[in-house]
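Taken together, the values in this text are just the output of simple stated rules run on the coordinates, not laboratory data. Just so it is clear, the structure is predicted and the values come from calculations on it, not from any experiment. Ideal geometry is used to build each Cβ from the backbone, glycine not excepted, and the neighbour counts take in all protein chains shown.
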Amino acid sequence: MKILILMDQFHTLNGAERLSVQLAEGLNRRPGMRADIASMYTEDFGEHREAMRQLRMQGIDIFHFLGLKVHPSPFALAGAILRLRRILREGAYDVVETYTVTPAIAASWATRGLRTRFVGGLHHSYEVAEHNALRHKLWRFSVRNNRRSRFYAISEFVKRCWIAYSSTVPAYTRTVCNGIPDHFFSAQPEREEVRTELGLPPTARIALFVGSIVSYKGVDIALEALGPILEERNLYLVFAGSWNQPSGGAFPGEEGYFDGLKERINAEGWGGHIQFIGRRHDIPRLMASSDLLIHPARIEGFGLILAEAMAAGLPVVATNVQGIPEVLEQTEALMTPPDDPTAFRDAVSSTLDRSDEVREQAIALGRKRAELYRMDRRIDNMVKLFEDTLAESEA
């Protein structure tokens, strides 16, 4: 079976991009499977050439580029669809898989009349009231007019939202949860070394946040909730994540958000207990060396970082929005309503005040839950989805 993973870009691996690359790597380790990668952009966009060098060492050899710029015009997108159609036909691909809107539009039209099947990944919850721009309308129109398209959602919540949003046949969408690489399960604590590197006291308690510094992740709520108790609880907030787009500039609609956070921190005098450390490549190590993960998100279709934290043995405090309760089911992770700083503060305090015995019990339950999200299990489910999709076309 030959699969083309169609991405916006692959030189900066955020959550969904990382999962796409890991899918390609995992498929290429399976007998009889071959996965290549395509980008909607050009080869010289960002640091694609360096990314290709690294990915080749991980078993991905073939890369395609559709030549678009960011925010393409309809005319440019039509040209990219024709290029994608040629790639699929000449490469004899069985399936093209996507995870975002524009690639899904391209794949929906490029596969019409070809033997190649389109499988679209859904990593966010979509609602007409919030996602009704022209490209979203074109997306819904495209998938409804290609009845050979199939979809997978990262949680049951996201699946329900998609079926209502797209008006596609419910049987065309199944749930395939995100996956955790093995190195999160084997992460070892380096508490003293991590605190020394960050310039923190040896006894510092670390509340770790991992993700983009954007409003929908609730970073402002984390500050509002925990800022007042940082000094008295010997608590330090460490934010690991980017506050800029891969291509530079603020996230869309987030202009000034990070600056506002910094202004609040300076005004309250919290700076000595808060660090923004940017993107990191040692997240499992940071998790294993921290005291709890905080995730006060306002929206979250799944929350891969929660599963990763549990795998690394890190207690979790999160909000009970969208797909998060599914991930944290049957654990002792504490959840609070979104936009409730007081409740979030109390949950963090309760987690910090657990006895050693209670803490270890919570960690054990978290690790057990995380086993459900191992990467090999996700790859198995994706292979089954591809096989079933192809079997339908032969029936």
Checklist entry - Relative to the longest principal axis of the chain, what angle (0 to 90°, nearest 10) does the C-alpha long axis of helix 341-352 take? => result 70
Item to check | Taking MET7, MET33, MET57 and counting other C-beta atoms within 10 Å, the order from fewest to most | outcome: MET57, MET33, MET7
Item to check | Helix-only [θ]222 nm of the chain, DSSP H runs n ≥ 4, -39500 (n - 2.57) each, per residue, nearest 500 | outcome: -13000 deg cm²/dmol
Item to check | Kirkwood Rh, Cα atoms: Rg over Rh of segment 251-350 | outcome: 0.97
Checklist outcome for this item: segment 182-373: Kirkwood hydrodynamic radius (Cα pairs, Å) comes out at 16.7
Checklist outcome for this item: Cα extents of segment 40-130 along the principal axes, largest first, in whole Å, come to 42, 31, 26
Checklist entry - Order of SER350, SER142 from fewest to most other C-beta atoms within 10 Å? => result SER350, SER142
Checklist outcome for this item: Gyration tensor on Cα atoms of segment 177-282, a ≥ b ≥ c root eigenvalues, a/c under 1.5 rounded, else prolate if a/b beats b/c, else oblate, says oblate
Next on the checklist: Straight-line reach from LYS262: which lysines fall under 20 Å, measuring Cα to Cα and dropping same-chain residues less than 8 apart?
Outcome noted: LYS217
Checklist entry - Could you give the longest part of the chain that holds none of the GluC sites (Glu not before Pro) found in DSSP loops with at most 16 neighbouring Cβ atoms within 10 Å? => result 48-126
Checklist outcome for this item: Taking ASP339, ASP291 and counting other beta carbon atoms within 10 angstrom, the fewest-first order is ASP339, ASP291
Checklist outcome for this item: Semi-axes a, b, c in Å (a largest) for the chain, each sqrt of 5 times a Cα gyration tensor eigenvalue, come to 38, 22, 20
Checklist entry - By how many degrees, between 0 and 90 and to the nearest 10, does the Cα long axis of helix 15-28 differ from the longest principal axis of the chain? => result 60
Item to check | Subset of LYS159/LYS384; LYS2/LYS384; LYS137/LYS159; LYS2/LYS69 violating a 21 Å alpha-carbon distance limit | outcome: LYS2/LYS69
Item to check | Mean separation of Cα contacts under 8 Å (6+ apart) over length of segment 182-373, as relative contact order % | outcome: 24
